[in-house]
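Below is one structure; the comments refer to it alone.
The values are calculated or read from the model by the stated rules, or taken from the named source; none is laboratory data. What you are looking at is a predicted structure, and each value in this text was computed from that prediction instead of being measured. Neighbour counts run over all protein chains shown; Cβ positions are idealised from the backbone, glycine included.
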Amino acid sequence: MSQLMMFLLGLIVGIVIGVLGTNLWRVSSTRFKIDQEFATLEDTFEQFMKELDQKYQKIVEEIAEREAKLYTLYNNIQSKTEKMSQDKRAVSNQPKNRKTKSNTSKIQNIKALLAEGQIPESVAKQLGIGKGEVELLLRLENMQNSD
């Protein structure tokens, strides 16, 4: 019987070693697969980070370009505003009661024709201007003379 027990004990030990070996092989195989999947995920993550960095750089460049354009527009607006202020000051510094030569000569012609007894409509026709312009120039002349 001792041989039978030894045989059975050997058989049991063999089965245990077989089961343990199979489990260890499975664990080792699973660990290898996990390592492969982790390496694949790591590569994917690195690629994603590279793409993200490239997109970030593009955005930073675009922001810099737009900032430069805005700065240029701001400077243009500021210089035009200054120019308008200078023009406004120049216009406000000009004498207000200035007559141009053409208005002066028109007024003289209008007065001369009216002094001859012509009506504003015929004066306007003769000078090639509108009746309203004749009346306006006369009113302006009268206003300036009354000041």
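List of remarks:
- Test for Glu121: is it surrounded by fewer than 10 Cβ atoms within 10 Å (Cβ to Cβ) and either closer than 30 Å to Leu137 by Cβ or of a type in the set (Gly, Ala, Ser) (or both): no
- No other residue among Ile63, Ile107, Ile129 is at pLDDT 90 or above, surrounded by 10 or more Cβ atoms within 10 Å (Cβ to Cβ) and assigned to a helix (DSSP H, G or I) apart from Ile63.
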